[in-house]
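Comments concern the structure below.
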Amino acid sequence: MFVQQAIAILDSGVGGLTVVKEVMRQLPREKIIYFGDTARAPYGPRSPEEVQLFTEQIVDFLIQFAPKMIVIACNTATAAALDYIQDKVAIPVIGVIYPGARAAISATKTGKVGVIGTVGTIRSGAYTTALKELNPAIEIVSEACPTLVPLVEQGNYEMPEALDVVSEALREIKQYPIDCMILGCTHYPFLSNAIGQVMGPAVKLISSADETAREISTVLHQKGRLARGSELPVHQFFCSGDPEMFRKIALNWLGKQIELTPIVWQVANPV
């Protein structure tokens, strides 16, 4: 009997649901197993070593389901752990940074690109490296926005005050003459309306979530691993924090109830 292998997607919290939504839209036959480490979010302020450790723990958990691919749907974890995880497992592992960088290079008309992300992502310089590899002449301005992930994780991304928080977070980067801006955290598409309102219509927003789903499709197609058959998959979701908040956000974002299993780490915050 043929058993469909899943795509395993992990994130520091609910942000990776933006990738899940795009995979569901672009690849509706694919089964998804998702892990959101909501108990330890946000990852942005943590050290690269700690983020790598957390990412490895989640990958070790997800491997038991024999997935055909792992997607690190967290920019901070991609910057800190992608190479390490790729060396550790024998299946394809992709992150969210290079897909977003490629989309920005394609979108910019002026060669002036903005990047917003967590402290960890911006500090790593991962987007600058990726963009410069693709086009050494590109001009980049980056801004860490540490107030935005908690806004999403707490379910407040549609509250009226979210616009004020976003406006303050983008106050500096808005001064630069960029024509596109990478949402360098998968939590940020939850705030795309507010971000677009603050930045204005002249700045195109690049969602790494959209581009990562396209990358998933490309890799699976190249390897002949796209799902086949007519049955729609049953997805599985795991989270390490408040399951009710996760369910609420998932219902709001995905438009459907999910099968969610809370996971309690034996060591909640290893050092």
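Which whole-number percent is the relative contact order of the chain (Cα, under 8 Å, 6+ apart)?
Here the relative contact order equals 26 percent.
To the nearest 0.05, what FRET efficiency results for T218 and K109 with a Förster distance of 25 Å applied to their C-beta separation?
0.50
Quick one: L62, L183, L260, fewest Cβ neighbours within 10 Å first, how do they rank?
L260, L62, L183
For the chain, take the longest principal axis of its alpha carbons; what is the angle in degrees between that and the long axis of helix 243-254, to the nearest 10 within 0 to 90?
In the chain, helix 243-254 runs at an angle near 70 degrees to the longest axis.
Longer than 31 Å from Cα to Cα, which of K68/K256; K31/K132; K68/K248; K132/K223; K88/K109; K68/K204 are they? Say none if no pair is.
K31/K132; K88/K109; K68/K204
Find the relative contact order for the stretch 97-208 and round it to a whole percent, using C-alpha pairs within less than 8 Å whose residues are 6+ positions apart.
35
So for M159, M24, fewest C-beta neighbours within 10 Å to most, what's the order?
So the ranking, lowest neighbour count to highest, is M159, M24.
In the P(r) worked out for the chain, what percent of Cα pairs fall beyond 31 Å?
21
How large is ³J(HN,Hα), in whole Hz, for each residue of the stretch 18-23 in order, when computed from phi with the Karplus curve 6.51 cos²θ - 1.76 cosθ + 1.60 and θ = phi - 60°, using x for Gly and Pro?
So the Karplus estimates, Gly and Pro as x, are 5, 6, 4, 4, 5, 5 Hz.
How many angstrom lie between the Cα centre of the stretch 74-143 and the Cα centre of the stretch 250-264?
Cα centroid of the stretch 74-143 versus Cα centroid of the stretch 250-264: 28 Å apart.
Roughly how large, in nm² to one decimal, is the mean projection of the convex hull of the alpha-carbon atoms in the stretch 97-208?
Approximately 6.0 nm², given one-decimal rounding.
Within 10 Å of each residue's Cβ, count the other Cβ atoms and sort D242, D11, D87, D210 from fewest upward.
Ascending Cβ contact count within 10 Å gives the list D87, D242, D210, D11.
Coordinate-derived values only; no laboratory data. If you're wondering where the values come from, they're calculated on a predicted model, not measured in any experiment. Cβ: placed from backbone, ideal geometry, glycine included. Neighbour counts: every protein chain shown.
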